[in-house]
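For reference, the structure is listed below as structure tokens.
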Amino acid sequence: MMLFTISAVAGLKAQDTTIHKLADPLPYMPKWEVTSNITLALSRFTGNVSRNLNDDPYLLMVRKFDATGMSAWRAGINGFRRRTEDMNGGFGGEVVRTSEENWASLVIGREWRRTLGSGFYVFAGVDGRGIYRTSQSKSVQFDGWSQTEIITKANEYGGSLGGMGGIGVKLHDRIILYTESILYTQMLQTERSFLVNGNNTTLESKTTFSVIPMVPIALFLTVQF
């Protein structure tokens, strides 16, 4: 009888342990994260259509976590391309104006996290950022006898290095909302030129060094995998 009682108690304890593990599973350990900047969507939803994301560090980001799930490599991109064309005609002839603008930014860095409880966490890390901008405006005028071509060019390229940090909260097991601030040291090379029928005139060529702080102005939505 005693052996039966001991066996029954041991069986109940084992069953209770199994149920407890099923009811309280280990927290999900992320391997990857995909992040999108949702600030523009929120701005349009609230009626602020003047919001511009061109100067935000990234629109999309991917993170690869290590085995602990508390540190990750990160890579983000931002950019746009815009082209317009306008044709005007009159007594003085016909004028065709074309403008084109391209911009790209790439962020690569390392991030570390620390949990605060209740789904909140803080993070900090270092980033390197490359920047490339180019714009060109071209005007071609026909007066019936000759053609005049005027081109204005502007190029800007460089990079920055610095730290970043922020705070986030888990909205679901695999969905996170966060914001971050940055402090970068930046170098940019700026070149502008003016061409008339192929004759080039340099308007500007300079290198600028600056320190760029950015307070948390953007919200990012993350999905973990």
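Read-outs throughout are calculated quantities, based only on the coordinates presented, and are distinct from any laboratory measurement. A quick note: this is a predicted structure, and the numbers were derived from the prediction, not measured. With ideal geometry, Cβ positions are generated from the backbone for all residues, glycine too; neighbour counts draw on all protein chains shown.
Quick one: net charge around Phe120, please, counting Lys, Arg +1 and Asp, Glu -1 for every other residue with C-beta under 13 Å from its C-beta. Before the final figure, lay out each step's value.
Numbers: positive: Arg113, Arg114, Lys170; negative: none.
Its environment carries a net charge of +3.
Please give the net charge around Thr222, taking every other residue with its beta carbon less than 14 angstrom from that of Thr222, where Lys and Arg add +1 and Asp and Glu add -1. Don't jump to the answer; show the numbers that get you there.
Numbers: positive: Lys31, Arg63, Lys64, Arg74, Arg113, Lys170, Arg174; negative: Glu33, Glu111, Asp173, Glu180.
Value of the local net charge: +3.
What's the lysine pair count for the range 28-224 at a Cα cut-off below 25 Å, pairs eight or more apart or interchain? Show your work: numbers first, answer last.
On the way: Lys31/Lys64; Lys31/Lys170; Lys64/Lys170; Lys138/Lys153; Lys138/Lys206; Lys153/Lys206.
The result is 6.
Can you work out D for the range 28-224 in µm² s⁻¹ from Stokes-Einstein, where Rh is the Kirkwood radius over C-alpha pairs, the temperature is 10 °C and the viscosity is 1.306 mPa s? Write out the running numbers ahead of the final one.
On the way: Rh = 19.7 Å.
Result for D is 81 µm²/s.
Relative contact order, percent, of the range 101-193 when contacts are C-alpha pairs under 8 Å separated by at least 6 residues? Let's see the in-between values first.
Values: 198 pairs, mean separation 24.6, N = 93.
RCO, the range 101-193: 26 percent.
In the neighborhood of Ile150, defined by Cβ-to-Cβ distances under 10 Å, what is the net charge if each Lys or Arg adds +1 and each Asp or Glu adds -1? Before the final figure, lay out each step's value.
On the way: positive: Arg97, Lys138; negative: Glu149.
It works out to a net charge of +1.
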